[in-house]
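The values are calculated or read from the model by the stated rules, or taken from the named source; none is laboratory data. Please read all numbers here as calculations on a predicted model, not as lab measurements. No Cβ is skipped: glycine too gets one built from the backbone with ideal geometry, and neighbour counts run over all protein chains shown.
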Amino acid sequence: MDIATLIIAAIVGIVIGFAIAKFLEKGKASKTLSEAKNKAEAILKDAKTEGENIKKDKIFQAKEKFLELKAEHEKVIVNKDKKINEAEKRTRDKESQVSSELAKNKKLNQQLDSKLKELNHKEEFFEKKQTELDKLHRNQVQQLEVISGLSADEAKGQLLESLKETAKTDAMAFVQATLEEAKLTAQQEAKKIVINTIQRIGTEEAVENCVSVFNLESDDVKGRIIGREGRNIRALESATGVEIIVDDTPEAIILSCFDSVRREVARLSLHKLVTDGRIHPARIEEIVKKTEKQIEQEIVEVGKRAVIDLGIHGLHPELVRAVGRMKYRSSYGQNLLQHSREVAKLCGVMAAELGLNPKLAKRAGLLHDIGKVPNTEAEVETPHAILGMQWAEKYGEKSDVCNAIGAHHDEIEMKTLIAPIVQVCDAISGARPGARRQVLDSYIQRLKDLEDIAFGFGGVQKAYAIQAGRELRVIVESEKVNDEKAAQLSFEISQKIQTDMTYPGQVKVTVIRETRSVNVAK
């Protein structure tokens with residue numbers, strides 16, 4: 001076989017191979033196409049089936065929702081029908097009730113009409129009878145006037161006069177007998193109660209003075225208290241308002257002041273300074289301020305103890321504080337707190353004897369002089385009884401207690417039985433021999449008046465009456481008062497004292513103007 005034949009055979013083989021491959025590919029494609037078509041038909045069928053199922057489910061759900069809504073709607077309609085039926089029933093009941101009420105009212109109106117007719121008939125009948133009786137009475141009166149020879153008015157007047165005289169005589173006799181019996185009985189009973197009360201209450205006699213003695217361990221301390229050029233003692237006197245007398249008395253310093261609170265502050269401050277050993281003006285001012293706070297606390301404690309000892313409960317804290325402040329006040333030389341406690345005990349005993357409330361009487365007795373410890377200068381002008389009554393009313397005390405406080409010096413009318421008891425017990429406590437000294441009280445009042453005059457001028461910071469009232473020491477604010485005005489202020493105060501006050505001897509007015517410059521080193 002030659003090469004050409006081989007080439008042709010090879011070409012034919014190649015062509016036949018291509019044809020066979022082409023045929024095979026075409027068969028495979030048709031098979032794939034048919035398979036895809038079958039799958040598509042199956043998918044469409046499944047989708048159609050699933051769509052039908054979903055459609056059925058949705059229709060079923062819609063039917064269920066419709067039925068549910070229908071049931072709810074029917075339920076609402078049933079409730080509304082029920083409410084309408086109930087409202088109709090109530091309306092029918094009210095209509096029937098109104099109808100029955102109208103029927104009753106109609107029946108009552110008929111009955112009232114019949115009663116009114118009967119009453120009208122009876123009224124006419126009684127009017128006729130009254131007319132007949134009046135006529136008969138006039139006839140009888142005329143017959144009596146003819147028989148007695150007097151008119152009806154004259155006879156009535158004579159009868160009234162005779163009855164008046166008789167009643168007046170009997171009443172006067174009864175009143176006279178009652179008054180005499182009451183006087184005898186009241187006098188005896190009053191004497192018995194007062195004597196019994198005085199015998200049962202015994203208190204110590206106390207004498208207030210204006211001087212306290214401060215004892216020292218040695219005379220060397222006196223120099224430290226005086227300080228260089230007297231600056232310590234001046235600072236102490238300026239801070240406390242107490243005159244400090246350092247004389248030849250061994251191991252003692254005298255503190256002189258009419259105000260016992262100031263005197264106590266000075267005594268405690270000195271004790272702290274001497275114990276501590278550091279005595280200089282700045283330390284003195286610090287200690288004095290602390291001591292003043294301590295005294296305020298002590299005042300409250302004293303008030304509480306006094307209230308507890310007397311068995312008084314529910315007293316307002318401000319009234320308790322006022323009771324404590326009475327410890328440092330005196331009335332005609334008599335300690336005010338001791339006097340008030342004594343009056344409270346007397347009132348309790350006397351009220352018990354008279355069958356009254358002893359606790360209420362004790363309360364009024366303890367508080368009767370709280371107006372003597374005023375908080376401000378403006379309150380000084382008000383009588384202490386009225387001021388005490390105003391405080392008691394302000395802090396919720398009962399009207400009986402307030403009236404007893406205000407009436408114990410007859411400033412107001414007594415309206416309760418406790419008021420005269422407080423007045424009597426106040427007199428009993430003050431009338432004891434040695435209980436009061438009029439001279440001391442007038443002396444203290446003169447010193448207070450001296451200080452008040454100084455406070456009446458502008459720029460005055462502190463004012464102290466010292467040297468038993470022979471000197472008035474005035475401390476002014478350096479920012480408001482210059483040196484020239486200080487001299488003028490001293491003259492004006494002295495002229496005011498000379499014009500408005502009566503006093504023995506002379507009063508020296510000293511005006512002190514102090515300037516301080518303070519800086520802090522850091």
Taking the range 259-269 and keeping only residues that are touching a helix residue (DSSP H, G or I) at 6+ places or on another chain (Cβ under 7 Å) and more than 20 Å from A322 (Cβ to Cβ), one is left with A266, L268, S269
Could you tell me whether any residue of the range 387-404 is more than 23 Å from the chain's Cα centre (by Cα), surrounded by fewer than 23 Cβ atoms within 10 Å (Cβ to Cβ) and at pLDDT below 90?
-> no
Of the residues in the range 455-468 that are outside any strand (DSSP E or B) and without any contact (Cβ under 8 Å) to a residue 60 or more places away in the chain, the one that is surrounded by the fewest Cβ atoms within 10 Å (Cβ to Cβ) is G458
Q) Within the bounds of the range 215-229, is there any residue that is within 19 Å of A465 (Cβ to Cβ), in contact (Cβ under 8 Å) with a residue 40 or more places away in the chain, surrounded by fewer than 19 Cβ atoms within 10 Å (Cβ to Cβ) and outside the structural domain of L450 (by TED's automatic domain parsing)? A) no
